[in-house]
Amino acid sequence: MLEQIEGSRAVAKSVALCRPEVICAYPISPQTHIVEALGVLVKTGELAPCEFINVESEFAAMSVLIGASATGGRAYTATASQGLLFMIEAVYNAAGLGLPMVMTLANRAIGAPINIWNDHSDAMAVRDSGWIQLFAETNQDAADLHIQAFRLSEEISLPVMVCMDGFILTHAVEEVEMPSQEHVDTFLPPFYPRQVLDTEEPVSIGAMVGPEAFAEVRYLAHAKQLLAKERIPEISREFESVFGHSAGGLISAYRLEKAETVVVAMGSVLGTIKDAVDDLINHGINIGVLGITTFRPFPLEEVYARLSGAKRVVTIEKAFAVGMGGILATDVATALSRAQVDQYSVIAGLGGRPVTKASVISLLQDAVSSKLDPLTFMDLDHEVVKKEIARMNESGRSGPPAENMLREMQLKTFSKQKERAASEEPG
Amino acid sequence: MTFKPIKFYQTGSFAVGNRLLSENLRTVQSDIARSDSLTLGHRACQGCGEALGARYALDAAMRATGNKVLATNATGCLEVFTTPYPETSWQIPWLHSVFGNTAAVATGIAAALRAKGRQDIRVVAQAGDGGTEDIGFGCLSGMFERNDDVLFICYDNQAYMNTGVQRSGATPPAARTATTEAVGSEPGNVFGQGKNLPQIAMAHEIPYVATATVSELHDLEAKVEKAMTIRGARYLHILVPCPLGWGSEPSATIRIARLAKETGLFPVFEAEDGEITGVSKIRHKLPVESYLLEQRRYAHLFAPTENRDVLDKIQAIADRNIVRYGLWDQKTEEDGNMSIATEQ
Amino acid sequence: MVTAAELLSVAAFLDGLHAQAFPSFGSERMGAPVVAFCRISEKNIRTREPISSPDALIIQDVTLIHQLDIFNGVNPDGFVLVNTSRTFDELGLEEFIRRFDRTRALTVPATEIALEHLGKPVANSALLAGFAAMSNEISLSSVKEAISRRFSGMIAEKNAEIAQSAFDYVAHELESTQASTSLSTSNAKGDLDA
């Protein structure tokens, strides 16, 4: 049924339809609405049998999921940002043990400086953890990807993270075709664990592994991700046959046929980029968009197939490796190592900075006319940064940089307001 | 506390001989049908108190539940010496995740069992003192506070032994560890630090908290069995001497554990819903030196010269315990009776 | 405020339009100035950027009106609806309002209407119904339906009454303004800032 619904609520309802048996809740913005809604569904008995556990930390949340999954329970939690970092040891452990579970990551920046708004720094911080990472472009995607995530996770016995942009998606009210219980039950069979704590057949899970076998166990994790790369498109097709609309897959293509310039991105920013690209095409520019739906495993072959014929590729991403540059851009570059394609890496939307169509258009125009730097920070106020560096050079105790730069920006805003007020004065 | 006096014990050691008891009073360990939850072939040191404690506790839990126990384990000696890949000494379903999350993993197991309607299967979480008092404390407190249906057992050997004997929140004052070396003007661990986990557990008002040592097997087993009759969060703190970390003879493990209790340095008691309901009395009160002298971690208190000040401070700790918990009175001393917990 | 934007999006959705509502994000604190956005379109909405040049502005709390640069960026062909029982003149807004078509800049005493029917100063339903009357972008019936989906029982009933009352008020205001002003023919559709 088509509903006008908040993203978090849509995800909560979608997760509930997957009949999870253990859900952990620990508050961190912007994922709170999801677990709150699930808490209501458990309390009212609409979702049963299910244990809803208010834990004392994200580290405990992930640990409870590990215990639940190892006992054959379908387990779910949601987190973001600092919360993900706080649980990171258990995040790696869940993947290392090969325990299926699903976690929503309501993507949010990582401090310091503390910032509750959206970017992809959190997801990127665990990209090598062994979890499968799927990125939602819309709330429809978010609702659908969770159902696929449970299926995928349990089939290949690996944890799956569904990434959805914090606030931008989690708090947006928009239309979502909500799945029915009947369809979900058809698509998602009951959880049959590959390994389980069972009094009838006792096993030891999580034993120490020495140099003699560690590489093999780790390689198996890689092999399973490669397997997932095969299964993801198949599961996406099966999903479409049951639910009647498409979702998931490794990548998404938009106006990509014979595009000279291709923009690569992940998550909700794809919507704004598509609007920008439509405008550019209307102005005669040959340009298309490649969305990365599955970031881990990274679809190297598909990216190569779609981009190797392009003249230039502009990767726009909401995170970066400090001291290096774009992260997604690096993966794209790996995919294109055999191709002759000009590559540009653009960092945008950090800490909730709006990614506007106007900025994207101007950036892409620069790219098309080869005026774009190989690494660009979109809409960055270079002047404020330069001033802070100068301040650092002047004084051994230049103070907390974030506060200095914030003050600098406020001063700029005030002087702009003054200028405008002066220009509006008659005469 | 349901105590029943037993008159038969070995002179000198106070060990209770099973063969002198009627069959229904004998320990689980003396039973040929015991489950051997933690079986032979593991890689623990000779005289490892933790290996004994874990074996006693889990076999007792298995008997109490009709062999329906799922166990989880923090990182540490017990985890490492029981599962040298690809072998395992665990004859029961066992899960190790990471160092600090054992209590939460156990919560997850219990939750999944509840969702599946399998409350006949019980959960035992195990950790050393580091995994309990230090790195695992947050998850443990959360599990207690939610009153999750888990028995958490702390095998307390008073330091991080797996990594080479470093100080933990359970390391006693004056004890030498690799991070509290016996050097300087105040050798060994400092006074005035550390935490009392059983008391902290009691402050959560969970249904059952108990302490035990590996020296009194009847008592330990009875406490595990009692814990398994209760639903909700339960905590059992077992003192397990570590020959490696304490610098003691492997053959002295049981005796040292008993001396910890007999000197009053390790109070053995149980508590229900936050109130102490019973204590194991000291039978022959001994000065703390008798306990300390057996352990090289305290050698700096006796050589090159005796450090009377520090010994007095340690004795003061024992004396305070004796008063605080009512560990000793003239009558029990005269009777010389061993008290053991039994079903009544 | 966030509820208002959500209800507006639901009403538009019920009218068969596409809508996207979202708050300006921040930590949860009572009494802080709040902005929420709503986009309404006949086409599928893909963009995710915040609205900086709204086609409509609904002001719920006039006490903030002189502290913030509220009218900055509002499309001059757009709509302005202010929750007040006073006139623009009395609010000292005559200067700002002059740039808008007078049939597209109106007031409604939403708080008073709500107090009268419900005994509580919740202005959402009155403002949305008032906006429906002024703009014709959404229907009153959909506003009422959105309310009934959000609330239940007595509260829903009272809110429907509030909506009707505010709709009638604004419709009447509009008529008397139209009588005194020439009708603007611009046809704005798109971003609505609620």
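Inverting the pair-averaged 1/r between distinct Cα atoms of the protein assembly as shown gives 32.1 Å as its Kirkwood hydrodynamic radius.
Couplings 3J(HN,Hα) of the range A:212-222, computed from phi: 5, 9, 4, 4, 5, 5, 5, 5, 4, 4, 5 Hz, in residue order, whole Hz [Karplus 6.51 cos²θ - 1.76 cosθ + 1.60, θ = phi - 60°; x for Gly and Pro].
Each of A:Val314, C:Val34 has some number of other Cβ atoms within 10 Å of its Cβ, and from fewest to most they run C:Val34, A:Val314. Build a GNM of chain B with springs between Cα atoms under 10 Å apart, and of B:Ile238, B:Ile282, B:Ile200 the one that fluctuates most is B:Ile200. Averaged over peptide B:78-90, the number of partner chain Cβ atoms lying within 10 Å of each residue's Cβ comes to 4. Here B:Lys195 is the anchor, and the aspartates and glutamates within straight C-alpha reach of less than 12 Å, apart from those fewer than 8 places off in the same chain, are B:Asp129, B:Glu133, B:Asp134. The convex hull built on the alpha-carbon positions of the range C:52-185 has an orientation-averaged projected area of 8.1 nm².
Around the amide H of B:Gln158, modelled in the peptide plane, lie the amide H atoms of B:Asp129, all under 5 Å away and 5 or more residues distant in sequence or on another chain. With a 10 Å cut-off around each Cβ of C:38-47, the average count of Cβ atoms from other chains is 4.
By the Stokes-Einstein formula, at 1.306 mPa s and 10 °C, the range C:101-158 with its Kirkwood radius over alpha-carbon pairs has D equal to 132 µm²/s. Just so you know, the Cα atoms of the range A:192-296 work out to an Rg and Dmax of 21.2, 69 Å.
Of B:Ser89, A:Ser369, A:Ser180, the sequence from fewest to most neighbouring Cβ atoms within 10 angstrom is A:Ser369, A:Ser180, B:Ser89. In summary, the aspartates and glutamates within cross-link reach of A:Lys311, defined as a Cα separation below 14 angstrom excluding same-chain residues under 8 places away, comprise A:Glu257, A:Glu260, A:Asp342. Only Cα pairs under 8 Å and at least 6 apart count here; give the relative contact order of chain B as a rounded whole percent. Here the relative contact order equals 18 percent.
Other protein chain C-beta atoms within 10 Å of residue C-beta, averaged over A:170-182: 4.
Averaging sequence separations of C-alpha pairs under 8 Å and six or more residues apart, then dividing by the length of the range A:130-262, give the relative contact order as a whole percent.
Details: 116 pairs, mean separation 37.4, N = 133.
Averaging sequence separation for qualifying contacts and normalising by length gives 28 percent for the range A:130-262.
Spin-label pair B:Arg43-C:Arg102: with each label point 7 Å from Cα along the Cα-Cβ axis, the two points sit 9.1 nm from one another. Among the listed pairs A:Lys418/C:Lys120; B:Lys226/B:Lys261; A:Lys274/A:Lys371; A:Lys229/A:Lys318; A:Lys418/C:Lys43, those with a Cα-Cα distance over 29 Å are A:Lys418/C:Lys120; A:Lys418/C:Lys43. Largest GNM mean-square fluctuation among C:Pro50, C:Pro76, C:Pro33, using chain C with Cα springs under 10 Å: C:Pro33. A straight Cα-to-Cα reach below 17 Å connects A:Lys386 with the lysines A:Lys412, residues fewer than 8 places away in its own chain not being considered. Estimated from helical segments only, the mean residue ellipticity of chain C at 222 nm is -13000 deg cm²/dmol, where each DSSP H run of four or more residues counts as -39500 (n - 2.57). Loop-located chymotrypsin sites (Phe, Trp or Tyr not before Pro) in the range B:260-313 (DSSP state not H, G, I, E or B) with no more than 13 neighbouring Cβ atoms inside 10 Å: B:Phe302. Comparing A:Ala215, A:Ala172, A:Ala321 in a Gaussian network model of chain A, where Cα atoms under 10 Å apart are tied by springs, the biggest mean-square fluctuation is seen for A:Ala215.
Over all distinct Cα-Cα pairs of the range A:273-427, the Kirkwood formula returns a hydrodynamic radius of 18.3 Å.
Mean separation of Cα pairs under 8 Å and 6+ residues apart, divided by the residue count of the range A:216-296: what relative contact order is that in percent?
Over the range A:216-296, the number comes to 33 percent.
Ranking of A:Met161, A:Met1, A:Met62, C:Met134 by neighbouring Cβ atoms within 10 Å, starting from the fewest: A:Met1, C:Met134, A:Met161, A:Met62.
Considered as an equivalent ellipsoid built on the Cα gyration tensor, the range A:176-229 has semi-axes of 33, 20, 8 Å, the largest given first. From the largest down, chain B spans 62, 43, 39 angstrom on the principal axes of its Cα atoms. The shape of the range A:79-133 can be summarised by an equivalent ellipsoid whose semi-axes, obtained from the alpha carbon gyration tensor, come to 21, 10, 9 Å from longest to shortest. If R0 equals 45 Å, the separation of the Cβ atoms of A:Ala321 and A:Ser241 corresponds to a calculated FRET efficiency of about 0.70.
What trypsin sites (Lys or Arg not before Pro) in the range C:15-94 are in a loop by DSSP, with at most 12 other Cβ atoms within 10 Å of the Cβ?
Details: sites: C:Arg29, C:Arg39, C:Lys43, C:Arg46, C:Arg48, C:Arg86; in loops: C:Arg29, C:Lys43, C:Arg46, C:Arg48, C:Arg86.
Here the trypsin sites (Lys or Arg not before Pro) that fit, given the DSSP loop and packing criteria, are C:Arg29, C:Lys43.
Only the coordinates and a few stated rules stand behind these numbers; no lab work does. Just so we're clear, the structure is a prediction, and the values are computed from it rather than from any experiment. A quick note on method: Cβ atoms are made from the backbone with ideal geometry, for glycine too, and the neighbour counts reach across all protein chains shown.
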